[in-house]
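First up is the structure itself, then whatever we jot down about it.
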Amino acid sequence: MARHGIIILFGEAFLAPEKTEAQKRAQKTYMGKFARAEIRVDPEKQERIQEHVAGQGESVNAFVNRAIDETMERDKEES
């Protein structure tokens with residue numbers, strides 16, 4: 001019988017197959033390359049973000065990184 005983990009994403013639960021030990025090690029190595037940042041948004045903004053990224057075909061992470069890059073570039077040009 002396959003084991004499953006539960007993924008919670010924006011308050012919704014999803015079943016995911018249990019990772020193998022090799023998958024766990026690979027994910028830990030991959031995630032070690034990144035810093036983690038957490039932001040707080042009100043529920044209405046969260047919903048608007050989700051709708052926006054779905055329409056753009058990108059993840060929330062990709063959207064946030066793109067917004068940061070574009071804002072920093074614009075700020076640099078204005079300086």
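Quick note: the coordinates plus some simple rules give every number you see, no bench work behind them. Given the structure is predicted, the values throughout are model-derived calculations rather than measurements. Cβ: placed from backbone, ideal geometry, glycine included. Neighbour counts: every protein chain shown.
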What is the spread of the Cα atoms of region 4-78 along each of their three principal axes, largest first, in whole Å?
49, 29, 22
Ranked packing of 12-19, 53-60, 37-44, most packed first, by mean Cβ within 10 Å
53-60, 12-19, 37-44
To the nearest 0.05, how large is the calculated FRET efficiency for Ala54 and Thr20 if R₀ is 25 Å and r is the Cβ-Cβ distance?
0.25
Taking a label point 7 Å from the Cα of Asp75 along the Cα→Cβ vector, which residues of region 25-61 have an amide N closer than 17 Å to it?
37-40
Given the rule -39500 (n - 2.57) for each run of at least 4 DSSP H residues, summed and divided by the residues of the chain, what is its mean residue ellipticity at 222 nm, to the nearest 500 deg cm²/dmol?
-18000 deg cm²/dmol
State, as an integer percentage, the relative contact order of the chain based on alpha-carbon contacts under 8 Å between residues 6 or more apart.
13
